[in-house]
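What follows is a short report on a single structure.
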Amino acid sequence: MSDSQIGRRALLRGAGGLAALAALPSLAACGTGSSRTAGGSGGKGGSKTVVVRDSGGSYGAALQKAIYTPFTQETGIQVKVLNLDDAPLLAQIKQGRPQCDLINNSMMSHTKYVKQDALEALDLDRVKSVKSAKIPETQITDHAIGHAFYGQCIGYRTDAFGGKKPESWADFWDIKAFQGGRSMVSPDGDLPELEFALLADGVPMDKLYPLDVDRAFKVLTRLRGDIKKFWDSGPLPGVLLSRQEVTMSTVWDGRLADLQKQGVPVKRQLNGTRRQFSGYAIAKGAANVDNAYQLMDFSLRAESQANLVKFFPSNPSSPVAYAKLTEEERNASAGAPKYYDKGFDADVDWWLKNESAVTKRWLEWARG
């Protein structure tokens, strides 16, 4: 779906490299030097700069157009951008010299940051848009607030099944009714897809967690011989579908739009979509805390979240944002009201506790 997702596993695992990178000098990325203020408040009469970490690429370009430029026009505060992975950024914070103020990252990464005491505790009274945008309570923590999600779902060829279309993960597993090869993610691309195996085996969405790992791997084994490739980057499922190497694949929800515009007969099925959120947090020891709060508040506005959709296939966390989109824009989003209840949120706490063990077992399973 985005450039931010290409390096997602690096982001989710980022804290692991902290010790090795702790001794590195500060990186000369965008946003150092003049952005640091002695007082550290960035408030009235202070700095007119805020440094935000995002993942760059087309996502970063969209943020510039939809969020950063309008924010500067409204407030006069200049936005500098830092593209940096978790480990070096955590090392900077440990040294008491974070190069950024506001961090746009996965909520899972933010949870890891909290365990490293790397984030400021938030004062929600300073983020008025949380209430006006009706951000879901599940995406509001003491240290971070979710602004958007990406969904992992089924992608399939519409010309492969004689007019039938898959409706569920049970259909993904049904090789007789929906013939052809499959593709699923590897741990280098995203979290292992245990939830989909359990849904295919009849587990209700609201009863998924804690995941029954043994049961999930038994179900995965039923499909193992039909999995032609494990994908490790966002574009690959679309490539495999386009080349007809597979008839169905797991995929990030926004990745098929360009192929559809090119006339490739592919479509997504959002039933049973796994949602993972990204959010905003403030770096511990940030120099421009006041400005970081202002940019966070601006970015979480329903209007801002809706505006981002016009430049990038984003799924806003704000339900209010969808009412500000055209019908076409709204229906293209996996977060639209008509789709939302068909998916579920990944349990970040469960995955933080179990990711390492599950990944080890997955690697052994994949090797056969």
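With respect to Ser233, is the statement that it is hydroxyl-bearing (Ser, Thr, Tyr), assigned to a helix (DSSP H, G or I) and within 29 Å of Ala66 (Cβ to Cβ) true? No, not satisfied. Contact map, the range 242-260: residues that are over 23 Å from Pro187 (Cβ atoms) paired with residues that are small (Gly, Ala, Ser), Cβ distance under 6 Å, separation 6+ or inter-chain. Pairs shown: Thr247/Ala160; Thr247/Gly180; Leu259/Gly238.
When the criteria are applied in full, Gly285 fails the requirement of being open to solvent by 40 Å² or more (accessible area, probe 1.4 Å), out of contact with any Phe, Trp or Tyr (no Cβ under 9 Å at 6 or more places or on another chain) and free of Cβ contacts under 8 Å to residues at least 12 places away in the same chain.
Out of all the residues in the range 129-165, which are in a loop (DSSP other than H, G, I, E, B) and in contact with a helix residue (DSSP H, G or I) (Cβ under 6 Å, 6 or more places away or on another chain)?
Filtering the range 129-165 down to residues in a loop (DSSP other than H, G, I, E, B) leaves 133-136, 141-144, 158-165.
Answer for the range 129-165, where residues must be in a loop (DSSP other than H, G, I, E, B) and in contact with a helix residue (DSSP H, G or I) (Cβ under 6 Å, 6 or more places away or on another chain): Ala133, Lys134, His143, Ala144.
Exactly one residue among Arg53, Arg97 is modelled with pLDDT of 85 or more and open to solvent by 70 Å² or more (accessible area, probe 1.4 Å), and that residue is Arg97.
If you go through the range 248-263 and keep only what is β-branched (Val, Ile, Thr) and either part of a helix (DSSP H, G or I) or surrounded by fewer than 24 Cβ atoms within 10 Å (Cβ to Cβ) (or both), you end up with just Thr250. Filtering the range 264-273 to residues that are out of contact with any Leu (no Cβ under 6 Å at 6 or more places or on another chain), of a type outside the set (A, V, I, L, M, F, W, C), within 20 Å of Leu191 (Cβ to Cβ) and surrounded by fewer than 24 Cβ atoms within 10 Å (Cβ to Cβ) leaves Gln269, Asn271. The single condition from (1) within 30 Å of Ala281 (Cβ to Cβ); (2) open to solvent by 30 Å² or more (accessible area, probe 1.4 Å); (3) in contact with a strand residue (DSSP E or B) (Cβ under 8 Å, 6 or more places away or on another chain) that Asp142 fails is (3).
May I ask you to list the residues in the range 152-170 that are touching a residue at least 60 places away in the same chain (Cβ under 8 Å) and more than 20 Å from Asp258 (Cα to Cα)? Give the derivation first.
Applying the first criterion (touching a residue at least 60 places away in the same chain (Cβ under 8 Å)) to the range 152-170 yields 152-161, 165-169.
Scanning the range 152-170 gives Phe161, Lys165, Pro166, Glu167, Ser168, Trp169.
The one condition from (1) open to solvent by less than 40 Å² (accessible area, probe 1.4 Å); (2) outside any helix (DSSP H, G or I) that Phe311 does not meet is (1).
Going residue by residue through the range 198-220, is there one that turns out to be aromatic (Phe, Trp, Tyr), under 21 Å from Arg367 (Cβ atoms), in contact (Cβ under 8 Å) with a residue 24 or more places away in the chain and crowded, with 22+ Cβ neighbours inside 10 Å? Within the range 198-220, none of the residues are aromatic (Phe, Trp, Tyr), under 21 Å from Arg367 (Cβ atoms), in contact (Cβ under 8 Å) with a residue 24 or more places away in the chain and crowded, with 22+ Cβ neighbours inside 10 Å.
Answer yes or no: is there a residue in the range 292-301 that is more than 25 Å from Ile227 (Cα to Cα) and assigned to a loop (DSSP other than H, G, I, E, B).
Residues of the range 292-301 more than 25 Å from Ile227 (Cα to Cα): 292-301.
After this cut, where a residue has to be assigned to a loop (DSSP other than H, G, I, E, B) as well, the list is 301.
Among the residues of the range 292-301, at least one is more than 25 Å from Ile227 (Cα to Cα) and assigned to a loop (DSSP other than H, G, I, E, B), which makes the answer yes.
Can you tell me which of Ile77, Ile103 is at pLDDT 95 or above, open to solvent by less than 60 Å² (accessible area, probe 1.4 Å), of a type in the set (A, V, I, L, M) and more than 23 Å from the chain's Cα centre (by Cα)? It would help to see each step written out before you state the result.
Values: Ile103 fails: more than 23 Å from the chain's Cα centre (by Cα).
One residue alone meets the criteria, Ile77.
Looking across the range 314-332 at every residue that is assigned to a helix (DSSP H, G or I) and open to solvent by 20 Å² or more (accessible area, probe 1.4 Å), the one that is nearest to Gln73 (Cα to Cα) is identified as Val320. How many residues are of a type in the set (Lys, Arg) and open to solvent by 20 Å² or more (accessible area, probe 1.4 Å) if we restrict to the range 170-197? Looking only at that region, the number is 1. Considering the conditions (1) of a type outside the set (Val, Ile, Thr); (2) part of a helix (DSSP H, G or I); (3) crowded, with 24+ Cβ neighbours inside 10 Å; (4) more than 15 Å from the chain's Cα centre (by Cα), Pro70 is excluded by exactly one of them, (3). Scanning the range 167-192 for residues that are under 19 Å from Arg275 (Cβ atoms), among the small types (Gly, Ala, Ser) and over 16 Å from the mean Cα position of the chain (by Cα) returns a single hit, Ser168. For the range 110-120, state whether one or more residues are touching a His at 6+ places or on another chain (Cβ under 6 Å), at pLDDT 95 or above and open to solvent by 30 Å² or more (accessible area, probe 1.4 Å). Looking through the range 110-120, at least one residue is touching a His at 6+ places or on another chain (Cβ under 6 Å), at pLDDT 95 or above and open to solvent by 30 Å² or more (accessible area, probe 1.4 Å). Of the residues making up the range 333-368, those that are farther than 20 Å from Ile135 by Cα, surrounded by fewer than 19 Cβ atoms within 10 Å (Cβ to Cβ) and of a type in the set (A, V, I, L, M, F, W, C) number 6.
The values are calculated or read from the model by the stated rules, or taken from the named source; none is laboratory data. This is a predicted model, so every value here is computed, not measured. Here the Cβ is made from the backbone with ideal geometry for all residues, glycine too, and neighbour counts use every protein chain on show. Surface accessibility is based on the protein's heavy atoms, side chains included, excluding ligands, DNA and RNA. Shrake-Rupley method; radii C 1.70, N 1.55, O 1.52, S 1.80 Å.
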